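Quick notes on the structure that follows.
The values are calculated or read from the model by the stated rules, or taken from the named source; none is laboratory data. These figures come from a predicted structure and were not determined experimentally. Ideal geometry is used to build each Cβ from the backbone, glycine not excepted, and the neighbour counts take in all protein chains shown. Each accessible area value is taken on the protein alone, full model and side chains, heavy atoms only, with ligands, DNA and RNA left out. Shrake-Rupley method; radii C 1.70, N 1.55, O 1.52, S 1.80 Å.
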Amino acid sequence: MSHPPSTARTALITGAANGIGFAIARVLAEQGVRVALNDVDLEAARQAAASIGPGHIAVLADVSKEEDVGAMVDETVKAFGRIDILVNNAGIGDGGVATLSQSLERFEKTLAIHVNGAFLVSKAVAPGMAELGRGSIVNLGSVAGQIGIPARTAYSVAKAGIAMMTRVLACEWARYGIRVNAVAPGYVHTRLVAGLIATGRLEEGRIRARTPLGRMAEPEEIARVVAFLASDEASYVTGAVVPVDGGYTAFGGAFDASGENSDYDRL
Ligand SMILES: NC(=O)c1ccc[n+]([C@@H]2O[C@H](COP(=O)([O-])OP(=O)(O)OC[C@H]3O[C@@H](n4cnc5c(N)ncnc54)[C@H](O)[C@@H]3O)[C@@H](O)[C@H]2O)c1
């Protein structure tokens, strides 16, 4: 694998040591982008950066901490000269417990990482993009931010907040040449979802039945849409929250969306 040229586009991806963030790093690297992979787990981010080829870096930060975020952005700009693309991907689950059993601590932590994190990192990166007169920010929303899912209060509120932050920042920062968009994935095969399945809080068969395309997504299927939104191919797209959910939020039938109980012809 060759070193990306110093004129290559550059990207900072938060929470990039695993799952969707790592897939985004791989897809952008394949497109010749120099990538800074952030994570709270620096060792995992280092391994992830090394695995996608030379010229990429790992940067430590807890995105919910303002001092960490400032240091991370400084380190990335020092290494790459500028940041063309920011992907706010870092996130956690909220424990998947019913609201009456949810603790304020977990509620606040979920919001702090998703919402405060996207706010802080966007705010730290935007002045540099504004100076260049161009930039692209892509946030990770979720179907959970669009429709009500019981026992996902904190996560859903966080993702709905991210969708609205996407629209507000898109309107506010268009004048600086910065586009701000989000993807709203359905259920993706990552360790976050594997944890929900392993602890019996999610049944994959039910997800398949509820999804018109009849399956969960692979991380690369989300990453390719993020890469599109980050690119000049999407030069007239801003403020969009793009569903990447196999039709999950489009479906409103009172029967299964796919599988043997989805035969709407006989209903
Ligand atoms: N997996 C899904 O089905 C799904 C669906 C919709 C949206 N999403 C969103 O996609 C994003 C990635 O999810 P994933 O499934 O790949 O999760 P994951 O757990 O596989 O990866 C998340 C990464 O974020 C890192 N991280 C956690 N807290 C952090 C912090 N404070 N600062 C920096 N890094 C931090 C973790 O160490 C991890 O490497 C999240 O925002 C998630 O909410 C996931």
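See the values below:
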{"read-out": "Selection status of Tyr187, at pLDDT 95 or above, open to solvent by 20 Å² or more (accessible area, probe 1.4 Å) and within 12 Å of the ligand (Cβ to nearest atom)", "value": "yes"}
{"read-out": "Every residue from region 110-138 that is of a type in the set (D, E, K, R) and either in contact (Cβ under 8 Å) with a residue 24 or more places away in the chain or on the phi > 0 side of the Ramachandran plot (or both)", "value": "Arg134"}
{"read-out": "Residue in region 98-121 that is outside any loop (DSSP other than H, G, I, E, B), closer than 20 Å to Ser231 by Cα, more than 15 Å from the ligand (Cβ to nearest atom) and open to solvent by less than 20 Å² (accessible area, probe 1.4 Å) present", "value": "no"}
{"read-out": "Answer residue from region 208-223, given it is of a type outside the set (Asp, Glu), within 13 Å of the ligand (Cβ to nearest atom) and part of a loop (DSSP other than H, G, I, E, B) and is surrounded by the fewest Cβ atoms within 10 Å (Cβ to Cβ) among those", "value": "Arg215"}
{"read-out": "Odd one out for Val40, checked against (1) within 11 Å of the ligand (Cβ to nearest atom); (2) open to solvent by 20 Å² or more (accessible area, probe 1.4 Å); (3) under 16 Å from Ser136 (Cβ atoms)", "value": "(3)"}
{"read-out": "In region 1-33, residue nearest to Gly128 (Cα to Cα) [restricted to those that are open to solvent by 10 Å² or more (accessible area, probe 1.4 Å) and not in a loop (DSSP other than H, G, I, E, B)]", "value": "Ala29"}
{"read-out": "Filter result for the condition that a residue is of a type in the set (Gly, Ala, Ser), open to solvent by 80 Å² or more (accessible area, probe 1.4 Å) and more than 20 Å from Lys159 (Cβ to Cβ), over Ala234, Ala254, Ala227, Ala250", "value": "Ala254"}
{"read-out": "Residue, most open to solvent (accessible area, probe 1.4 Å), within region 49-92, restricted to residues that are in a strand (DSSP E or B) and more than 14 Å from the ligand (Cβ to nearest atom)", "value": "Ile57"}
{"read-out": "Cβ-Cβ under 7 Å pairs, at least 6 apart or on other chains, region 144-158 side in contact (Cβ under 8 Å) with a residue 24 or more places away in the chain, far side of a type in the set (Ser, Thr, Tyr)", "value": "Gly145/Ser156; Gln146/Thr249; Ile147/Thr249; Thr153/Thr99; Ala154/Thr110; Tyr155/Thr110; Ala158/Thr110"}
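Each row is one residue, and each column tells you yes or no for (1) within 20 Å of Leu229 (Cβ to Cβ); (2) within 18 Å of the chain's Cα centre (by Cα); (3) modelled with pLDDT of 95 or more.
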residue: Ser6; (1), (2), (3): no, no, no
residue: Arg9; (1), (2), (3): yes, no, yes
residue: Phe22; (1), (2), (3): yes, yes, yes
residue: Gly32; (1), (2), (3): yes, no, yes
residue: Pro54; (1), (2), (3): no, no, yes
residue: Gly70; (1), (2), (3): no, no, yes
residue: Val87; (1), (2), (3): yes, yes, yes
residue: Ala90; (1), (2), (3): yes, yes, yes
residue: Asp94; (1), (2), (3): no, yes, no
